Every structure is written in C-alpha cells, then in structure tokens.
Amino acid sequence: MHKQKPKIKYKYKPLAALYFILVGALHAGGMNQKMNSTEEDITSGMIERKAYARVGLLGNPSDVYFGKTITFSLGNFWASAKLEPSHHLVIKPHPVHDLVQFDSLDHLFSRLQSEGYYGGVRLIMSICKLFYKHCKDNGINLRPGNFTLSYDTNIPRQDGLSGSSAIVSAALSCLLDFYNVRHLIKVEVRPNLILSAEKELGIVAGLQDRVAQVYGGLVYMDFSKEHMDKLGHGIYTPMDVTLLPPLHLIYAENPSDSGKVHSTVRQRWLDGDEFIISTMKEVADIAAEGQSVILQKNYQKLAELMNHNFELRRRMFGDECLGDLNIEMVEVVRRVGAASKFTGSGGAVVVFCPDGPSQVKRLEDECRKAGFIIQPIQVVPSCLNDVDLQTLSK
C-alpha cells in the first residue's frame, strides 16, 4: 500500500524553492521516458539560442551615467540556452555552475571562493518571470504549453565579459521563439527586460552589455537622459564589424583578487560631484568621437582614444579600486607600446597593436611571463533576423 508522504514545513522559502527545482530536474529524465506519442511529437520543437560575451571598446562605464559607448559581441565566448517542450515547467540546474553536491567541506569552500554562490538557475527563473509580466502588462497572449529550460556557458567568470547577462539573453531568445512573440517585443525593449531580470536579483549594471547581446555585432549606443526619459531606452546604431582592426583579448585565469575596494563613484555622481560628472562626460565623448574615427578607419587615433578611456577611468576610480591585477594587465600592454582598456569593469582588457604582428608577438611573450591569457578577438556580426529588424523603430 502506498504510504502518504509526510508534509514538509520549510522555515526558509528560498531553500524550499531550490529543493523543488532540483527535484524537478532530477525527475525530468524519467518523465520524458513516459511521454506518449503526441508528446514525443512536441519535443521535436527543441529551441537552442546563443548570446555572446561582449567587449566595451570605448565609452564605458558612462552607459550608467547617461553617456555613450561603442561595444561589440565577442565570438570567443558565449552562453547558450536550450528549451524543450515538456509536461511541466522545469528550470534545469547546470551540473557545474549550480553545484549543490560536494566532496567535502573543503571542496565547498574552494568552490564558493572561486565561483561565488550563484549559478544560472536564478537568472533563468528571473527572466521567465519578467518575460511573463511584460507580456501580461502589454496584452501579449501566450499560448499554453510548458517547457524544460537549461543553459551552458564557457564565458570566464569574474572577467568583465558579461557572463550573467549572456545567460539571460539566450534564455529570453528561447522564450520569444517558443511562444512565437518575437515580432511583438521590440528589439530596443529587450535589453531593458534583461536588465530588469538581473536588477531583481540585486545585480547592479547598465544597458550596454544587454544591447550588445541582443543586437550582436558592433553597436554605437547613446544613453542620453533625453532619450532615456522619452523612449525608455537609448538610441542604438549598428556599425559594420569589418571597420574594426585586429584586436586581442587579455584576461587573468584567476581574477578573484582584483578590485576588492568598493567604488564611491556612483554615489559621488549622484551627489553632484563636479569632477566625476565632467570626467564621465569626457568618457562618453570618447565614444562619440570614436564612432567617426572607426568609420574613417583612423586606427592610430583609435589607439589614443582607448588609452585615454582607461586613464579617465583610473582617475575617477583610483588604483586601489581597480586592483593590482587589472592594472598589471594594462601595464603589460604598455610595455610593448600597444593600446588597451578594460572590456568591462575589470578582469580582462581589449588590446590594439597598431604596429602589427611583430608587436603582437612581443605582447604574447610579455603575457606569458606575467601569466596572462591572450587570444585574438573574434567579432560576431549582427544577430538580428528579419523578424527582429521589422520591430526596430524607424
């Protein structure tokens, strides 16, 4: 006789939620085996989408200060999301990034020291919630049907390459196609949706990364207050990726010791600090000038703008906040006379060697000595399809 399972009372609701997520994932495999022929037909509609890491080429971090940036999608690294129709709605934990079983307390300690507490499950749950809310608030009817959503990523953690938002972006793209509403949610609005999902989890960020991952390719972004107040988003102008010269990426394999001091720049800006406000405007102006420079293929000037962008950031944030490891990456580049700046908030730098292959070779030697990883940058072209393009504001 089947015994009734005792009711479990949870004092902490988040733990209860995690329990049911994990149980659902463990039973997903067995559940799929019990599908009838009709359900097997549905599973042929598996959807898989990618979102790439991004590089802030010029203008960051002014995107969160009503500034301007030029950013591109980095083909070297990406996150992917896979959606498969199923009886129940299941968010599948990643076997590595959402690890909850450890060999020992030492293993748990080491894992949390290097990877942090959170993986991608919370990100995917958040975008599902915000996607549903957006559709409900805007009268977008969603067809019935459940799914199992999983993710994978090879974007290095804590390297300033926007790994978290890539997971959210890929998941959103799956939802758009599963519910066939890509034509009903404008491209310009999607970065806001992604950012909202991250903000709900306490992640502090701007729109730049999310725009790059939604659009793909090389994009000039204007986040002026006028646009943000009037439209709710910036003005995003795609550029031809072939205009860029060969670029390189340098990053640290273990960046956890960089930039430990909390920045006061945001609060100073809110308090009306004239130095921060004027310097941040200067950073934004670098991106505006950079748009013309790139269109003209004036690569020597591009190198100057990249270096100047870093120096302005250094003046505002200070060396203690930037971290020794991040500064050392820039210094390594300068030892061979190349140009560089942070790809994001630190952990990796984007490099341009105006003197060509011989300079790249010297840089590779210096990186090897310093223990940094260097690789040529692959720029992803625009990922907008015909349906996406039709939703763009004229």
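The values are calculated or read from the model by the stated rules, or taken from the named source; none is laboratory data. Worth saying up front: this structure is predicted, and the values here are computed from it rather than measured. Heads up, the Cβs are rebuilt from the backbone with ideal geometry, glycines too, and the neighbour counts pull from every protein chain shown.
May I ask you to list the residues in segment 67-78 that are in a strand (DSSP E or B) and over 19 Å from P246 (Cα atoms)?
K68, T69, W78
Sort out for me the helices (runs of 4 or more DSSP H) sitting completely within segment 310-380 that have 2 or more residues that are over 24 Å from the mean Cα position of the chain (by Cα) and of a type in the set (F, W, Y).
By residue number, no helices (runs of 4 or more DSSP H) qualify.
Do we have any residue at all in segment 121-144 that's assigned to a loop (DSSP other than H, G, I, E, B) and at pLDDT below 95?
Within segment 121-144 (the criterion being assigned to a loop (DSSP other than H, G, I, E, B) and at pLDDT below 95), the answer is yes, since at least one residue qualifies.
From V55, V64, which residue is assigned to a strand (DSSP E or B), aliphatic (A, V, I, L, M), surrounded by 14 or more Cβ atoms within 10 Å (Cβ to Cβ) and at pLDDT 50 or above?
Unique residue meeting the criteria: V55.
How many residues are among the β-branched types (V, I, T) and closer than 18 Å to F77 by Cα if we restrict to segment 128-179?
Qualifying residue count for the region: 4.
Scan (1) modelled with pLDDT of 95 or more; (2) farther than 16 Å from S164 by Cα; (3) among the hydrophobic types (A, V, I, L, M, F, W, C) for the single condition V100 breaks and write down its number.
(1)
Of the residues V121, V100, only one is under 30 Å from A252 (Cβ atoms), in contact (Cβ under 8 Å) with a residue 40 or more places away in the chain, β-branched (V, I, T) and not assigned by TED's automatic domain parsing to the domain that holds L218; which?
Among V121, V100, only V100 is under 30 Å from A252 (Cβ atoms), in contact (Cβ under 8 Å) with a residue 40 or more places away in the chain, β-branched (V, I, T) and not assigned by TED's automatic domain parsing to the domain that holds L218.
Only one residue in V336, V349 is under 30 Å from Q267 (Cβ atoms) and buried (at least 18 other Cβ atoms within 10 Å of the Cβ), so which one is that?
That would be V349, the only listed residue that is under 30 Å from Q267 (Cβ atoms) and buried (at least 18 other Cβ atoms within 10 Å of the Cβ).
Quick one: what pairs do we get from segment 353-373, first residue within 16 Å of V330 (Cβ to Cβ) and among the aromatic types (F, W, Y), second assigned to a helix (DSSP H, G or I) and at pLDDT 95 or above, C-beta under 8 Å, 6+ apart or different chains?
Close Cβ pairs satisfying both conditions: F372/M329; F372/V332.
Considering only residues that are modelled with pLDDT of 95 or more, among the basic types (K, R) and farther than 21 Å from C353 by Cα, look in segment 263-309 and name the one that is nearest to the chain's Cα centre (by Cα).
Filtering segment 263-309 for residues that are modelled with pLDDT of 95 or more, among the basic types (K, R) and farther than 21 Å from C353 by Cα, the one nearest to the chain's Cα centre (by Cα) comes out as K281.
From the set of residues in segment 153-188 that are in a loop (DSSP other than H, G, I, E, B) and more than 16 Å from the chain's Cα centre (by Cα), which is surrounded by the fewest Cβ atoms within 10 Å (Cβ to Cβ)?
Once the filter is applied, the top-ranked residue is N180.
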